[in-house]
1. Report the extension gain between Gln80 and Asp64 in nm, rounded to one decimal, defined as 0.36 nm multiplied by the number of residues separating them, less their alpha carbon distance.
2. Based on the Cβ-Cβ distance from Ser92 to Asn51, what FRET efficiency comes out when R0 is 45 Å, to the nearest 0.05?
3. Calculate one ³J(HN,Hα) per residue across the stretch 91-105 by plugging θ = phi - 60° into the Karplus curve 6.51 cos²θ - 1.76 cosθ + 1.60, and present them in order as whole Hz with x for glycine and proline.
4. At a probe size of 1.4 Å, how large is the accessible area of Thr143, to the nearest 10 Å²?
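The values are calculated or read from the model by the stated rules, or taken from the named source; none is laboratory data. No experiment lies behind these values; they were computed from the predicted model shown. Don't worry about glycine lacking a Cβ; one is built from the backbone with ideal geometry, like all the others, and counts go over all protein chains shown. The accessibility values were calculated without ligands, DNA or RNA, using every heavy atom of the protein model including side chains. Shrake-Rupley method; radii C 1.70, N 1.55, O 1.52, S 1.80 Å.
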Amino acid sequence: MQGSVTTFFQYADASRLPLLCRSAHFNKATKQCSVYSDAINPNGYLEYKPNQNVIYIEKICIPDTVLPMSCDDVFRRIPQHILLGHASEVISVASENECVLECIKAKTMRAVPCHSILHYPDFASLNCILNVHTRHTKNQYFTPELAYKVDYVELGSCVTTAAAVDEVSKSRQIEAERKLLEQLDANPTVIEFRKH
């Protein structure tokens, strides 16, 4: 299953599949799609079987407080691959989904951009590696891993773009607050703030 994909599912008419659908795979050779009520491990009980002709698709749930509903982008999950030597942070998590959430929140919570993760489900601690790089920015360090069970997950562009937009927005807000403070220092007055 080269280049596994994690995203939402929808029918051709754009209506979403029911919650019972957790994963699917698309066979490029036969052009058939199979839908499953479970996912490959560590997110479910199905076993990962590499196949160049199959694209694996898995649905994950991310709270809209962390990622807006408008971000229906693709997260690439590639089992048994790692990005060598580019860890921004190594943390302990309870699941792969939590590792992905930590990556999404890294820019605001840790002041570190995160574009991909490595998750080692068999390790009890220090099992989530947050990376500033991806297999595209450091391709020469992207390699198969056969010794340990691991998933490489690359965040979708709407996540990294949203983080960049948030950073620009935050800079503008800081600049506006700085200018307001300068004005107040130059001309001290009492200002009332009211809710509308």
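1. So the extension gain works out to 2.8 nm.
2. That pair, Ser92 with Asn51, gives E of 0.90.
3. 10, 9, 9, 8, 7, 5, 4, 5, 4, 4, 4, 4, 5, 4, 8
4. Roughly 40 Å² of Thr143 is accessible to a 1.4 Å probe.
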